[in-house]
Amino acid sequence: MTPTAPDAPATAPLHWQWCAFNELATADLYAVLALRQGVFVVEQACVFPDIDWHDQQACHLLGWQAGGVGSERFLAAYLRCLPPGIKFAECAIGRVVTAPAVRGSGMGRLLVAEGLRRAESLYPAQPIRIGAQMHLERFYAGFGFDAASAPYDEDDIMHIEMLRPASMPGDAGS
């Protein structure tokens with residue numbers, strides 16, 4: 001079951017935490033895996049190997065809010081940023097997920113914006129590639145991503161690769 005946060009309104013202050021895999025506290029890693037499993041495997045009814053051995057090379061973004069059930073904080077949002085050459089030739093952002101309790105609050109936009117900011121800092125002047133679920137194509141287009149493949153089936157969910165061109169220093173969007 002995905003943890004919920006009835007005491008943490010979607011407007012509760014958000015704290016971003018960036019860390020490498022070996023910097024993740026055990027409890028934080030457990031929260032990440034629980035959120036990913038709860039949404040990607042259980043909610044989307046998609047049995048797939050979420051633990052894909054890419055997490056060790058990733059930079060992880062955790063979005064914490066105060067007031068989680070049984071704790072002082074609640075993992076409201078998460079994504080990982082992979083260096084070029086791990087999943088795609090380009091830097092990749094993936095496992096983008098928000099907790100059901102915060103959906104519709106704009107949390108997804110905040111999450112992706114922070115992920116892009118960090119990816120551009122780590123890999124300046126390089127494009128960013130994602131494998132997006134088809135129903136989110138317009139969402140990612142709003143961040144400058146363009147379709148870069150034909151739609152394809154991944155684990156019984158239609159996806160599309162999308163590419164965001166490299167931001168150059170001084171770009172208004174960077």
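The values are calculated or read from the model by the stated rules, or taken from the named source; none is laboratory data. Computed from a predicted structure; not experimentally measured. Methodologically, a virtual Cβ is constructed for each residue, glycine included, from the backbone with ideal geometry; neighbour enumeration extends over all protein chains shown.
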Only one of 77, 89, 45 is assigned to a strand (DSSP E or B) and of a type in the set (Gly, Ala, Ser), namely 77
I'd like to check something: does the stretch 115-129 contain any residue that is closer than 16 Å to residue 162 by Cβ, polar (S, T, N, Q) and free of Cβ contacts under 8 Å to residues at least 24 places away in the same chain? no
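So which strands (runs of 3 or more DSSP E) are wholly in the stretch 93-174 and hold at least 3 residues that are hydrophobic (A, V, I, L, M, F, W, C)? Outline the logic, then answer.
Values: elements: 128-133, 152-154, 157-164.
Those strands (runs of 3 or more DSSP E) span 128-133, 157-164.
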(1) modelled with pLDDT of 95 or more; (2) among the aliphatic types (A, V, I, L, M); (3) farther than 21 Å from residue 50 by Cβ all hold for residue 99 apart from (3)
Cβ pairs under 8 Å, 6+ apart or interchain, first in the stretch 90-106 and over 9 Å from residue 129 (Cα atoms), second of a type in the set (S, T, N, Q), ordered by first then second residue, are 99/2; 99/4; 100/2; 100/4; 101/4; 102/65; 105/11
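Would you point out the residue of the stretch 1-42, among those that are among the charged types (D, E, K, R) and surrounded by 13 or more Cβ atoms within 10 Å (Cβ to Cβ), that is modelled with the lowest pLDDT?
Within the stretch 1-42, the first condition is being among the charged types (D, E, K, R), and the residues that meet it are 7, 23, 28, 36.
Narrowing the set further to residues that are surrounded by 13 or more Cβ atoms within 10 Å (Cβ to Cβ) leaves 7, 28, 36.
Values: 7: 45, 28: 96, 36: 94.
Checked the stretch 1-42; the qualifying residue modelled with the lowest pLDDT is 7.
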Subset of the stretch 13-37, residues farther than 19 Å from residue 57 by Cβ, in a strand (DSSP E or B) and within 14 Å of the chain's Cα centre (by Cα), comes to 16
The one condition residue 56 fails out of (1) surrounded by 13 or more Cβ atoms within 10 Å (Cβ to Cβ); (2) within 16 Å of the chain's Cα centre (by Cα); (3) over 18 Å from residue 157 (Cβ atoms) is (1)
Only one of (1) closer than 21 Å to residue 47 by Cα; (2) out of contact with any Lys or Arg (no Cβ under 9 Å at 6 or more places or on another chain) does not apply to residue 75, and that is (1)
